[in-house]
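See structure below.
Just so you know, all these numbers are worked out from the coordinates, no wet-lab data involved. Remember, it's a predicted structure, so these values are computed and weren't measured experimentally. Positions of Cβ are backbone-derived with ideal geometry, glycine not excepted, and every protein chain shown enters the neighbour counts.
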Amino acid sequence: MPSIPLQWYLIVAAALFCIGLYGALVRRNAVAILMGVELMLNAVNINLVAFWRYITPTNMNGQVFAIFIIALAAAEAAVGLALFIAIYRTRDTVNVEEINLLKF
Amino acid sequence: MLAQYALLIPLFPLLSFFAIVVLGFNRNKRLSSNIAIGALALSGILSYLIFIQAMGVGADRVLEAAVNGEAPWATLWNWAPLGTSTFQVGTYLDPVSILMLVMVTTVGLMIFIYAQGYMGIQDPAHTDPRYSRFFAFLSLFACGMLGFVISPNLIQALVFWELMGLCSFLLIGFWFDNPKRVYRNGRWTTVGVENSNAAKKAFLTTRIGDVGLFLGITLLSMIGGSTQWNVLYQPETIARLQEMTFFGVPALIVICLLLFMGAVGKSAQFPLHVWLPDAMAGPTPVSAMIHAATMVAAGVFLIARTYPLFAAAGAEGQPSVPLLTVAVIGAFTSVFAASIGFAQADIKRILAFSTISQLGLMFMALGTGAWVAGVFHMLTHAFFKALLFLGSGSVIHGMEHGLHHAHGESHAHVSPTHHEAEMEDAEMELLERVPEMKSWESEPDDPQSVYNMGGLRHRMPATFWTYMMGVLALTGIPIWAGFWSKDEILAHAFETGQYGFWLVGLLATFMTAFYMARQVFLVFFGQPRTDAATHAAESVRSMTIPLMVLAVFSTFVGLVGMPDIVGPFHIGGWLHHWLALVPTTGLGEEAVAEATAPTSLNVLVAGAALGAAGLGWLVGYLLYGRKALPAAGRDPLSRIPVIWDVLWNKYWVDQFYSKTFIALTMLLARVGNFIDRYIIDAIVNLFGGVTRWFSSIFRWFDSTIVDGAVNWLGLGTGEAGQWMRLLQTGIVQNYLLVVFVAIVLIAFLLRR
């Protein structure tokens, strides 16, 4: 059994998630928001790997989930960046406070 | 064998009615009258063929077959189950109905042909505008009479009986737009519509009798179980009916009196006679067809048909109460109506009262047991009274012509009485200044008043000679038809010892001769009393030829019932052999033997009747013929103070009815009106008001609560939407925050 307890990993992952969430919620730059989202996804990945290692080491579920999420994050980043580039081309900005046309 | 096709006889006129009314042949006036005449001619040919066939078979065989319900003389079809028996319709031909068929089609055909000329087909400009309709109605009427005659039961007979009632209503009121002027409060005023009033009066008065007839039929089918002749004429049915009582009274008496009530209404006998004189408002062919020759004879025929019931209503050795009633009513009416005929000015009204009187004689004959004589008189009367009515129509036409000639040709001549409707204002004003007329005066323009006529025998020879044939027949001069039939009635009353009825008959004979002599002398003899009479013209050929045919019949038709004068050679008495067995149907052998006894001329009775008629003619000649009535002269009879007033006012029967029955009816109607208006309507209005009040509450509830809830829901949704849309900021991070908070919240709620 590793000497470092599971909680520590969870704390790190939670901290990372909070940092990502904060970034996603408060940053004005769309690319920065995308970064925040990446951070949150990776926090989840840490959790998954940690739970796999400490609770069900015989199954590969946690790792597989992590791999899926990494692939998903890559796809999400690609689509997100493409969207932002398209927005930038039409609106000349990536500031999300200015991209607010879909409202009342 | 044609008898099984008897159904076609009433069918042809019915088809003609439908052809004219429904198929639109009414666009062509001449075609529609030709259809009507052709249809009736077909019926007539068929009737004659059946008559010839029946003569070949023999009357007793025909009667036996009919009573036993054997084809072809009784053709019956099942119509509806009726308790244990079956209600059957069809045709029923026995000697008397075959005779009636022949008479009705012959007289009817003559009247149809005459009506063409009377309604003015020869002059297209002056043809009656409702010419086609007239022939349609006449056809329907002929259907009613022919159907009535051959009905195999009382119910089918009632259907056709009422059909005739309807047609008489339609035809009496044929000129329903003809107004009546009366002198009231010092001026002439137009009140109501005379013809339509007469039509209503005829319809309602006969309806009173028909209620009795209907009750009688109901009672008969309830107690006797059937109204089929071939059931009623069975001796066992008669015997069973004799046993029965209705509330303690022998049922047959009640039934017969109720049936007689129908006949009283239809044949205009005493209490219900008032409609017939008024019915003269209709066109003259209608008067001849319905109110002289055929329809009023239906009442006599009904009694003749149900005679076995009447005869069976009496107990052993006692006279039958219904028969006595029939005889008394008939005898009374014959004298009563004849006396009114003395004092009438209208040529047609005199004939109308004569008809009532003669019908009374027929009922008296039936009531005294002279069944064959009654039917015989009905037969001869149909011919000569049709002749007289058509002749009077011809006279009226001639007077109309003279009237227009005298006035110049400015008036459009449409029909005899339309003239009044077209009277111009100037003439109306002139009339307003005329003082109230005395009862022996008449309006100078009235073409129907005998006082305006005189000397017409030179102007209208054909009408005069044919009319004389009718008058001689009616007044009972030998050879002419009326003598034989009337003598038969008197002889029977005399020989059976009913001297009271015999004397009444003699009196009626005298009175008939007198009023007819008065009419003939006033109309045809002396000098013309008005310009109209001076310029009167003979009627067209289509009117005079039927008159001649009917005159021939009126002269010779009596010979069929001539008594057995020559004794062993049996020249006379054909009718008696033909009809002998009918009245005794179902009554047993004794009655049969009595009925088939040979008849012979009773010289004493015939002489007395002839003497009475001659006396009547003599008095008429002395009063009206010897010294002709001068123009604007006073009727000699009117010098008799009280009696003239009584007769002129027709014994005030109409006035009595209008003061009592009609006033009572009007009072009842007013009471009913009051009840309807103030009690029933009040209840209805109360319910209506309450309902309205409730509904106003419900309306408030509906519009406020129900609609309010719905509206509030819609408005609330809208408001909520207005408010909620503010959440939609368009800033992605706000949404993300919400999602985050929501997930935290859910996680918090789902914690363990």
Report summary line: Per 5 angstrom bin, beginning at 0 and ending with the bin that holds the maximum distance, the Cα pairs of the stretch B:203-315 fall in percents of 2, 12, 21, 22, 15, 11, 8, 5, 3, 1
**Report entry** Whole-Å distance, taken between Cα centres, linking the stretch B:686-702 and the stretch B:46-96
**Finding:** 67
Query - Histogram of C-alpha separations across the stretch B:637-732, 5 Å bin width, % - result: 3, 10, 7, 7, 6, 6, 6, 6, 5, 5, 5, 4, 4, 4, 4, 3, 3, 3, 2, 2, 2, 1, 1, 1, 0, 0
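Using Cα pairs closer than 8 Å and at least 6 residues apart in sequence, work out the relative contact order for chain B, in percent. Could the numbers behind the result be given before it?
On the way: 1242 pairs, mean separation 91.2, N = 752.
Relative contact order comes out at 12 percent.
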Query raised in the report: Tell me, what is the percent relative contact order of the stretch B:75-114, built from C-alpha pairs under 8 Å that lie six or more residues apart?
Result: 27
Query - For the stretch B:298-350 versus the stretch A:1-65, the gap between their alpha-carbon centres in whole angstrom - result: 130
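In whole angstrom, how long is each semi-axis of the equivalent ellipsoid of the stretch A:17-104, when you take the square root of 5 times every eigenvalue of its Cα gyration tensor and sort them from largest down?
Working: eigenvalues 216, 37, 15 Å².
Taking √(5λ) for each Cα gyration eigenvalue gives 33, 14, 9 Å.
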Report summary line: Scalar couplings 3J(HN,Hα) for the stretch B:122-129 by Karplus 6.51 cos²θ - 1.76 cosθ + 1.60 (θ = phi - 60°), nearest whole Hz, x for Gly and Pro, are 5, 10, x, 6, 10, 5, 4, x
**Report entry** Calculated Rg and Dmax of chain B using C-alpha coordinates, Å
**Finding:** 35.2, 144
**Report entry** Overall Cα dimensions of the stretch B:60-109, principal axis frame, Å, largest first
**Finding:** 41, 25, 14
Query raised in the report: Counting Lys and Arg as +1 and Asp and Glu as -1, each charge on the Cβ, what is the dipole of chain B about the Cα centre in debye, to the nearest 20?
Result: 1320
Report summary line: Rounded to the angstrom and largest first, Cα extents along the principal axes for the protein assembly as shown equal 167, 73, 52
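Using the beta-carbon distance between B:Leu715 and A:Ala77 and R0 = 51 Å, what value does 1/(1 + (r/R0)^6) give for FRET efficiency, to the nearest 0.05?
Numbers: r = 47 Å, r/R0 = 0.93.
Efficiency, from the Cβ-Cβ distance: 0.60.
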Query - Built amide H within the under 5 Å cut-off of B:Gly90, gap 5+ - result: B:Trp77
Report summary line: One would report the antiparallel percent of DSSP beta bridges in the protein assembly as shown, rounded to the nearest 5, as 100
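Work out the FRET efficiency for B:Asp645 and B:Trp700 from their Cβ-Cβ distance, taking R0 = 60 Å, and round it to the nearest 0.05. Could the numbers behind the result be given before it?
On the way: r = 74 Å, r/R0 = 1.24.
Calculated transfer efficiency: 0.20.
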Query - Rounded tilt (10° steps) of A:6-26 against the dominant C-alpha axis of chain A - result: 0
Report summary line: Fewest-first ordering of B:Val732, B:Val605 by Cβ atoms within 10 Å yields B:Val732, B:Val605
Query raised in the report: Any idea how far apart B:Val249 and A:Leu102 come out in nm if each label point goes 7 Å out from Cα toward Cβ?
Result: 10.4
Report summary line: Relative to chain B, whose Cα atoms define the longest principal axis, helix B:251-266 and its Cα axis are tilted in degrees, nearest 10, by 90
Query raised in the report: Given labels modelled 7 Å from the Cα in the Cβ direction, how far is it in nm from B:Val671 to B:Leu726?
Result: 8.2
Query raised in the report: Long-range amide H contacts for B:Phe246: which residues qualify at under 5 Å (H placed 1.01 Å from N, peptide plane, sequence gap of 5 or more or a different chain)?
Result: B:Ala251
Query - Alpha-carbon radius of gyration plus Dmax, which is the widest Cα pair, for the stretch B:609-669 in Å - result: 18.3, 54
Report task. Percent of Cα-Cα pairs per 5 Å bin, from 0 to the last occupied bin, for the stretch B:202-267, please list those. Result -> 4, 19, 25, 23, 15, 9, 4, 1
Query raised in the report: Between B:Tyr735 and A:Val26, what is the spin-label point distance in nm, taking each point 7 Å from the Cα along the Cα→C-beta axis?
Result: 2.3
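With a 10 Å Cβ neighbour count serving as the proxy for reagent exposure, in which order, fewest first, do B:His381, B:His492, B:His404, B:His126 appear? All intermediate terms of the calculation are to be shown ahead of the outcome.
Numbers: B:His381 29, B:His492 24, B:His404 19, B:His126 15.
Ranked by crowding around the Cβ, least crowded first: B:His126, B:His404, B:His492, B:His381.
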Query raised in the report: Using Cα pairs under 8 angstrom and six or more residues apart, how large is the relative contact order of the stretch B:1-101, in percent?
Result: 29
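Quick one: order B:Ser221, B:Ser695, B:Ser334 by neighbouring beta-carbon count within 10 Å, fewest to most. Spell out each step's value before the answer.
Values: B:Ser221 20, B:Ser695 11, B:Ser334 30.
Listed from fewest to most nearby Cβ atoms, that is B:Ser695, B:Ser221, B:Ser334.
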**Report entry** Cα-Cα over 20 Å, subset of B:Lys29/B:Lys201; B:Lys348/B:Lys659; B:Lys348/B:Lys385; B:Lys201/B:Lys385; B:Lys385/B:Lys627
**Finding:** B:Lys29/B:Lys201; B:Lys348/B:Lys659; B:Lys201/B:Lys385; B:Lys385/B:Lys627
